[in-house]
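What follows is a short report on a single structure.
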Amino acid sequence: MGAERRREAAEALYLTLLRQLISLYTMAQNPNTTHLKISEVVVLPPLWIRCDGSDPEHTYWLGAEPLRAGNKMTGISFYVVTCDGPTADKTCLANLEELKMEHKVKHRSSVVTTRGFAQYELIRAAAMDDTTVGSESNICIDVTWHSVDKILQAPPLCSAATLALAEGLKTGVTEWPEPLEAPSALELVQEFLMDLKKKLDGCCVSGNKNETESIKSDTAAVDSSMKSIFSERGDLDFAEQLWCKMRSVCSYQELIECFTLVIRFLEHGEIQPWIHQGSSSLLSKLIQQSYHGKVEAVSLSGATPIQMLLEIGLDKMKKDYVSFFIGCEFRSEDLAEFAYSNYSDSDQPEMWKVDITSGHGQKEVKTTWQVSASPPVEHMTSNNIGLFCDSTVNGSNEERMYFVAVAKCSQVHFM
């Protein structure tokens, strides 16, 4: 027997032994296996077996989880997770209709539902040093929607989006920008708040004739394509103007000091700022509370200050987009096409997946197909080139590289 045949035989034996372990796990919990003479069936914890991916299907996980109704065992759900990559082979990109049909045949289902998920990276900052593993400080948007039309579909306008902060931002292990020349963000915020206080007190404020120009200057640090499209709006509310002052913060501590100052002014009624309707940011809620003379306490710790800053920045971005399209009298289809052009053309997702589901309750089964820039399983070692990131060698474009993972589920129900 040659070396290749021996290797294949060893891999086959390896997976066979793992599947036998899952079979024993299942039998030990089946109340109908009377020949085992088990006096009382004990519900065991879920069993997940880490594989090395050396088999032809590149299996990285085998799983089994009990199904139960109250204290009674009703069955077992089995899971298989496989992964290929990094690869430039476009045949790895599945056809959605084929995935749905495969699921229907396997699970004898006539109806399936689909749910899409995409993760887009807004900001990535390196860790403070190379020894800090897993502390990259990226900020992502997680987008979800129902009724997926095709693989790598761009999210529709009805999608739900949430911000996701990396551990580096939550723990403070991140690299902030170098301090700029004076005035600092804190000094700008102090001046801004004092001007508002003086206006409320009925005092004349000097030196504000260039306020609009200052705001324009503060928000001019956007890419050239945006510069050519947007001009600064003239109806910036308090939160938007605050974003213009705070966007240059150089440390986590300065960020906390800025928001501490703002909240103190609101609590003492020293300012009565106006804000646009429709904002759900935490700062907007505090401002609305200040109108009634009572501002709830906010703990400016952990990721809260960063979350607050991002919320007002994203609010401003949304209003800028709306203002631009209203000014141009664009149709809603044009808005949709432009708003998601970054997703489909330039800002490719870090991860995209579709869940195909059938059944209800305990009989619900799911197939997940996923493409990602990074290895989807921790113990999969590889050089991460990045999803759909073009690189060049000797002036020529290389093929785009990605990882493709599939998670499949099956069930056994005890009679």
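The values are calculated or read from the model by the stated rules, or taken from the named source; none is laboratory data. Predicted model, so just to flag it, every value in this text is computed and none were measured. Counting neighbours? That spans all protein chains shown, and the Cβs are built from the backbone with ideal geometry, glycine included.
What the table below lists for this structure:
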item	result
The lone exception for LEU261 - which of (1) surrounded by fewer than 19 Cβ atoms within 10 Å (Cβ to Cβ); (2) without any contact (Cβ under 8 Å) to a residue 40 or more places away in the chain; (3) within 16 Å of LYS245 (Cβ to Cβ) it fails	(2)
Residue match in the stretch 95-118 (condition: among the aromatic types (Phe, Trp, Tyr), surrounded by 17 or more Cβ atoms within 10 Å (Cβ to Cβ) and modelled with pLDDT under 90)	no
Checking TYR14 against (1) under 30 Å from the mean Cα position of the chain (by Cα); (2) aromatic (Phe, Trp, Tyr); (3) at pLDDT below 90, the condition it does not meet	(1)
Wholly enclosed helices (runs of 4 or more DSSP H) of the stretch 214-324 bearing at least 2 residues closer than 24 Å to ASP195 by Cα and modelled with pLDDT of 90 or more	238-246, 252-267, 282-290
Any hit, the stretch 78-93, residues being in contact with a Gly (Cβ under 8 Å, 6 or more places away or on another chain) and at pLDDT below 85	yes
Subset of the stretch 50-77 (residues that are acidic (Asp, Glu) and at pLDDT below 90)	ASP52, ASP55, GLU57
Filtered residues of the stretch 350-369 (kept if over 14 Å from the mean Cα position of the chain (by Cα) and not hydrophobic (A, V, I, L, M, F, W, C))	ASP355, THR357, SER358, GLY359, HIS360, GLY361, GLN362, LYS363, GLU364, LYS366, THR367, THR368
Segments classed as strands (runs of 3 or more DSSP E), wholly inside the stretch 26-110, with at least 3 members that are out of contact with any helix residue (DSSP H, G or I) (no Cβ under 6 Å at 6 or more places or on another chain), polar (S, T, N, Q) and touching a residue at least 60 places away in the same chain (Cβ under 8 Å)	72-87
Selection within the stretch 51-62 - crowded, with 17+ Cβ neighbours inside 10 Å, touching a Phe, Trp or Tyr at 6+ places or on another chain (Cβ under 8 Å) and at negative phi	CYS51, TRP61, LEU62
